[in-house]
1. Please give the helix 16-26 orientation as an angle from the longest Cα principal axis of the chain, in degrees from 0 to 90, rounded to the nearest 10.
2. Could you tell me the calculated FRET efficiency between SER52 and GLN109, based on Cβ-Cβ distance and R0 = 41 angstrom, to the nearest 0.05?
3. Pulled fully out, how much extra length does the chain show between HIS218 and PHE82, if you take 0.36 nm times their separation in residues and subtract their Cα-Cα distance?
4. For the chain, what mean projected area does the convex hull of the alpha carbons give, in nm²?
5. Per-residue ellipticity at 222 nm for the chain, helices alone: DSSP H runs ≥ 4 residues times -39500 (n - 2.57), over residue total, nearest 500 deg cm²/dmol?
6. In nm, give the distance between the simple-model label positions of GLU196 and LYS138, each being 7 Å from the Cα along the Cα-to-Cβ direction.
7. By per-residue mean of other Cβ atoms within 10 Å, what is the highest-first order of 66-72, 47-53?
8. If you line up the long axis of helix 120-136 against the longest principal axis of the chain, both from Cα atoms, how many degrees apart are they, to the nearest 10?
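Here, each number is a calculation from the coordinates, and none is a lab measurement. Predicted model, so just to flag it, every value in this text is computed and none were measured. As a convention, Cβ positions derive from the backbone with ideal geometry for all residues, glycine included, and neighbour counts pool all protein chains shown.
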Amino acid sequence: MNTPTIALISATNLAIGPAQEALQIRLPDYELWNILDDRLLVDAQAHGKVTSELHRRMNRLIDHALAGKARGILLTCSLYGFVTADYSRSPVPVLPPDEAAFKDVTRSQARGVLVLASIEAAARDSADRLSTHLQHVKSAMTVLPVTVPEAAKAAHSGDRELLADMLTNAVSQAPAGYALLLAQYSLAPAVSLLAERTNRPVFSGPSSAAKELAAMLHT
């Protein structure tokens, strides 16, 4: 019998490790299939948005995973999460990177949440989508995007301590009662250290998405 697969569609190799780690904990019997287009972020930044052509490019990657008989598909780039709406009727779960984390943030009942990213567009996009989610569930939680450009270099170096230091400094003046949401998978390795240093709830896409995907596949 063939081992069932879960496809991870990524725009940077920095997102792959955190996603794999979370999924291997929740779904150890599944093989992980990495599909990487490392121009997706670069091209979106060059155009200032996800253009219709980039949208179609992500569609082609998802269609490729479906054609390859993946049992579940997880996008790891927050800028492209909206594309999963095209697959709402798919018999195979096609998850955006952070929708499950949005649900976890909502359940936390924090006063507010800071959405952290190393790229301004990613912070703004995730904050906007989280705000929309909160409006739908009639939550008055405040959402504030925070851009930490220097975190990109720390994430690329693989230095979790340095990454946690930079993120901790960025939220040092945050109001009491605010939770933290890491908008990019590449920042997820700092989750535990960041929670310890800030004494705040910290949410990330990989952990929340793996939990939700496991629940869907085990139903």
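1. 80
2. Taking R0 as 41 Å, the efficiency between SER52 and GLN109 is 0.60.
3. 46.5 nm
4. 11.8
5. -14000 deg cm²/dmol
6. Here the answer is 4.1 nm between the modelled labels.
7. Descending packing order for the listed peptides: 66-72, 47-53.
8. Long axis of 120-136 versus the principal axis of the chain: about 90 degrees.
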